[in-house]
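What follows draws every value from the coordinates through simple rules; no lab data is involved. Keep in mind the model is a prediction, meaning the values are calculated, not measured. Because the Cβ atoms are built from the backbone with ideal geometry, glycine has one as well, and the counts that use them run over all protein chains shown.
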Amino acid sequence: MIVLTSLVILAAGFCLVFALVGAVLKLAFGIIGGVFSLLGSILGAVIGGVVMLLVAPVVMVALLPILIPVGLLALLVWAIARANRKPDVVVMPR
């Protein structure tokens, strides 16, 4: 009976040790994965920013056929609204 109890305690001890080793490995690989994820996100943001800066002029040129008529319409509306404004009241000091 003592031998059987010793074997059960030894098996439970191995189970606890392996669970502890697994937890330590999970923590270590989680930290390593977090560092790589952080580096990857920074690198992706830098590359994405450079690509956006390179693509922005092309997009602007592609949108010119739409932006020019819209800009001219906005300019026309502004000019009409400005022409119909009453002059500002100026208070003359005595």
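Is it fair to say P65 is loosely packed, with under 10 Cβ neighbours inside 10 Å and more than 26 Å from the chain's Cα centre (by Cα)? Quick ask: steps written out before the conclusion?
Numbers: loosely packed, with under 10 Cβ neighbours inside 10 Å: yes; more than 26 Å from the chain's Cα centre (by Cα): yes.
So P65 passes the test.
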Quick check on this structure: which one of L4, L43, L39, L53 is under 17 Å from the mean Cα position of the chain (by Cα), in a helix (DSSP H, G or I) and surrounded by fewer than 10 Cβ atoms within 10 Å (Cβ to Cβ)? L53
